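Visitor: Starting off with a structure, shown below.
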Amino acid sequence: MSLLVVGLSHRSAPVSVLERASLAAETQAKLLQDTLAAEPAVEAAVLATCNRIELYADVDKFHAGVAELSTLLAQHSGVGLDELTPYLYVHYEDRAVHHLFSVACGLDSMVVGEGQILGQIKDALALGQELHTAGRLLNDLFQQALRVGKRAHSETGIDRAGQSLVTFGLEQLAAGADVADWARGKRALVIGAGSMSSLAAATLARTGVAEIVVANRTRARADRLVEILAQPGGTGVAARAVEMAAVRDELTRADVVVSCTGATGLVLTAEAVAEALGLDVADAVETPAAAPAVPAPADVDRHAAWVENGSAGAVRQAVRRTTVPAQGTGPVRLALLDLAMPRDIDGGAARLDGVRLVDIESLAEASADAPMAADVDQVRTIVSDEVAAFGAAQRAAHITPTVVALRTMAAGVVAGEIARLDGRLPDLDEKQRAEISQTVRRVVDKLLHAPTVRVKQLASEPGGAGYADALRELFDLDPQTVAAVSRADLNDPNRGRS
C-alpha cells in the first residue's frame, strides 16, 4: 500500500482560500481522470466538501506523487501552486488511513461529531467507482472509512460533542437563545435543494418555523423537497416551492434565510438584501481587509512539516480576524445562514442594520473554542484500532495472490503426476484412480496448509510485506501468474461496490 493524500481544509487554510479552491462536480471528474493519467498514480478519489478538498491516490513514488497531486489540485482549483502550497497538508500510508478515518468520524469537522461527512465520503467513493478511478485500495479504504464512521456514531456519544453544521449555524443565529423559541413562528426561505439544503429545511421544520419556502434552480427538486416536508406524519410545517427568480420577492417576507447552492457566484447580493429591508444600499458595500502575506515553504515536500509546526494555523487565525465582516446594529429583522462554498451571500449584507449573517467563516470562528466531549477520546481509540486492523488486512491481502498462485502451481503438479500415473498404470479402474488422486491431493494440501496460514499471519504484521517475495522466490513462482490473480481480483465487478 502506497496511499497518499494531499489536501487543504478549514484547519489548514482560511475560508477565502477554500472558497476559491472549491471544485465543481465536473471539475472533480476531470481532476480524477487527470490524476489517473499522471505517472505516479494508479488509483484516485477526491473528497470535496464545503470545508475540505482532498485528493487520495495510490502512488508508486512518494515525492513525485506529492508534487504531481499538488500541481493537479492547483491546476483544477484555479489557485496558483505557489499560493496554494502553504495551506496543503500531506499524509502517507498509515497516516493517510488515520486521517480519513478521523474525518469519517467527524473528528476533523468544523463541528466535531457531525455526521454529514459520511454521506460526502460515500459520494466520493461513488464518483471514483463511476469513473473507474477507485481500484482495490481506495474501494477498501473508503468502504472501511464508512464503517468506522458508523461505528463511532453507534458506539460512542460523539454526536453529543457537536451537531450538524445546520444546527450549529442556527444556534449562532439565535445568539444564545433557545433555537426552538427563536425559530417559532418565523418564515424561512431555503435556497437550494441539495443534501445540505434539505437538511436545513428539515431542521427548520423541527424547530417550529411557521412556513418554509424552497427555491432552487431546478424546480422539480424544490417540489420534491416540499413533498417530503409535507408528508403525513411529518412536522406539519407549511411548505411551498418557488422559482429562483422569485427569491427577491420572498426575501421581503422572510425572517430566516438558509442558502447552500452549487453556484459559482453570489446568489444574494448585499444590495438585494438591503432592497428587501428598505435600506440604503450604500451601507452594504463591504471593504474586506487585506490578508497578511504568507511565507511559502521552499518546496512542496515541506507541506506536512510546515502545517505541523503551527505556521498555517497562525496565519489562518490572522486571516480570519481580518476578514470576518462586522455585523449591523439594531434588532435582527433578517437572519442569514450561508452554508455554501463558495459563498452564496454577499458578506457586505452583514453590515446592514437589522441583519445577522452567519457563514462558514464565522462558524469556524465560533467552533474554534468549542469544548470537546469526553467521547472524542473513545472515538480516537476506535480510529487507532481500525487503522491497525486495516493495515493488517491490506498486508495480508497483498500476499493472497502469491498464496493462490502457489496452490495453483501445486494443483498443476498433482494433475500432471496423475496423468503420468494413468500412462504407466492404464489398468487402474476409476475407483482406484480416484483414491490415488485424492490421497496425493490430501498430502499436498497438508504440506501447504501450515506454511500458507503462517505466511498470511506474518504478512499481516508490520514489516511483513517481504514474505510474499520470499514465497515467490522459494517456490519459483511465475510472476505473471501472481499478477494474473491480482488482476482478476481487481476486476471483480462485485468488489467494493457501495
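Visitor: Quick test of your reading of the structure: E39 fulfils all but one of (1) under 25 Å from G115 (Cα atoms); (2) touching a residue at least 24 places away in the same chain (Cβ under 8 Å); (3) not β-branched (V, I, T). Name the failing condition by number.
Guide: In the conditions (1) under 25 Å from G115 (Cα atoms); (2) touching a residue at least 24 places away in the same chain (Cβ under 8 Å); (3) not β-branched (V, I, T), E39 misses (1) alone.
Visitor: Oh, and also: Can you go through Q129, Q120 and tell me which one is farther than 27 Å from I158 by Cβ, in contact (Cβ under 8 Å) with a residue 24 or more places away in the chain and under 15 Å from the mean Cα position of the chain (by Cα)?
Guide: Residue meeting the stated conditions: Q129.
Visitor: Still on this structure, please answer the following. Give region 63-104 a look and list any residue that's within 18 Å of L138 (Cβ to Cβ) and either within 15 Å of the chain's Cα centre (by Cα) or part of a strand (DSSP E or B) (or both), or say none.
Guide: Of everything in region 63-104, those that are within 18 Å of L138 (Cβ to Cβ) and either within 15 Å of the chain's Cα centre (by Cα) or part of a strand (DSSP E or B) (or both) turn out to be V90, H91, Y92, A96, V97, H98, H99, L100, F101, S102, V103, A104.
Visitor: Name every residue in region 436-475 that is more than 12 Å from T402 (Cα to Cα), surrounded by fewer than 13 Cβ atoms within 10 Å (Cβ to Cβ) and at pLDDT 75 or above, in order of residue number.
Guide: Within region 436-475, Q438, T439, R442, V443, K446, L447, H449, A450, V453, R454 meet the criteria.
Visitor: Which numbered condition trips up R187, out of (1) within 21 Å of the chain's Cα centre (by Cα); (2) modelled with pLDDT of 90 or more; (3) open to solvent by 10 Å² or more (accessible area, probe 1.4 Å); (4) of a type outside the set (A, V, I, L, M)?
Guide: If we test R187 against (1) within 21 Å of the chain's Cα centre (by Cα); (2) modelled with pLDDT of 90 or more; (3) open to solvent by 10 Å² or more (accessible area, probe 1.4 Å); (4) of a type outside the set (A, V, I, L, M), just (1) comes out false.
Visitor: Which residues, taken from region 200-244, are open to solvent by less than 20 Å² (accessible area, probe 1.4 Å), of a type in the set (A, V, I, L, M) and within 18 Å of A180 (Cα to Cα)?
Guide: Result: A200, A201, L204, A205, V209, I212, L229, V237.
Visitor: Does region 252-259 contain any residue that is acidic (D, E), within 13 Å of V190 (Cβ to Cβ) and modelled with pLDDT of 85 or more?
Guide: yes
Visitor: Another question about this same structure. Enumerate the helices (runs of 4 or more DSSP H) found wholly within region 160-209, keeping only those where 1 or more residues are among the hydroxyl-bearing types (S, T, Y).
Guide: 165-174, 195-207
Visitor: So, one more: So which of S16, S12, S2 is of a type in the set (S, T, Y), farther than 26 Å from G265 by Cβ and surrounded by fewer than 24 Cβ atoms within 10 Å (Cβ to Cβ)?
Guide: Result of the check over S16, S12, S2: S2.
Visitor: All but one of (1) of a type in the set (A, V, I, L, M); (2) within 27 Å of T49 (Cα to Cα); (3) out of contact with any strand residue (DSSP E or B) (no Cβ under 7 Å at 6 or more places or on another chain) hold for A274, so report the exception by its number.
Guide: Checking A274 against (1) of a type in the set (A, V, I, L, M); (2) within 27 Å of T49 (Cα to Cα); (3) out of contact with any strand residue (DSSP E or B) (no Cβ under 7 Å at 6 or more places or on another chain), the one that fails is (2).
Visitor: Something else now. Is it the case that L32 is closer than 20 Å to H98 by Cα and at pLDDT 90 or above?
Guide: Criteria not met by L32.
Visitor: Given the structure, is K446 assigned to a helix (DSSP H, G or I) and farther than 30 Å from D469 by Cβ?
Guide: no
Visitor: Any residue at all in region 49-58 that's of a type in the set (S, T, N, Q) and surrounded by fewer than 21 Cβ atoms within 10 Å (Cβ to Cβ)?
Guide: Within region 49-58 (the criterion being of a type in the set (S, T, N, Q) and surrounded by fewer than 21 Cβ atoms within 10 Å (Cβ to Cβ)), the answer is no, since none of the residues qualifies.
Visitor: Residue check: is A335 in contact with a strand residue (DSSP E or B) (Cβ under 9 Å, 6 or more places away or on another chain) and either modelled with pLDDT of 90 or more or assigned to a helix (DSSP H, G or I) (or both)?
Guide: When the stated conditions are applied, A335 passes them.
Visitor: Hey, another quick one. Tell me which residues, restricted to region 365-385, are open to solvent by less than 30 Å² (accessible area, probe 1.4 Å) and at pLDDT 75 or above.
Guide: D375, V376, V379, I382, V383
Visitor: With the requirement that a residue be in a loop (DSSP other than H, G, I, E, B), within 27 Å of C260 (Cβ to Cβ) and small (G, A, S), what does region 12-62 give you?
Guide: Answer for region 12-62, where residues must be in a loop (DSSP other than H, G, I, E, B), within 27 Å of C260 (Cβ to Cβ) and small (G, A, S): S12, A13, S22, A24.
Visitor: Quick check on region 139-158: of everything there that is more than 12 Å from the chain's Cα centre (by Cα) and either buried (at least 20 other Cβ atoms within 10 Å of the Cβ) or hydroxyl-bearing (S, T, Y) (or both), which residue is farthest from A392 (Cα to Cα)?
Guide: Top of the filtered list is I158.
Visitor: Specify the residue that is nearest to S195 (Cα to Cα); the eligible residues are those in region 245-260 that are open to solvent by less than 30 Å² (accessible area, probe 1.4 Å) and either polar (S, T, N, Q) or more than 30 Å from the chain's Cα centre (by Cα) (or both).
Guide: S259
The values are calculated or read from the model by the stated rules, or taken from the named source; none is laboratory data. Owing to the predicted nature of the structure, the values given are computational and were not obtained by experimental measurement. Don't worry about glycine lacking a Cβ; one is built from the backbone with ideal geometry, like all the others, and counts go over all protein chains shown. Areas reflect the complete protein model, heavy atoms only, side chains present, ligands, DNA and RNA absent. Shrake-Rupley method; radii C 1.70, N 1.55, O 1.52, S 1.80 Å.
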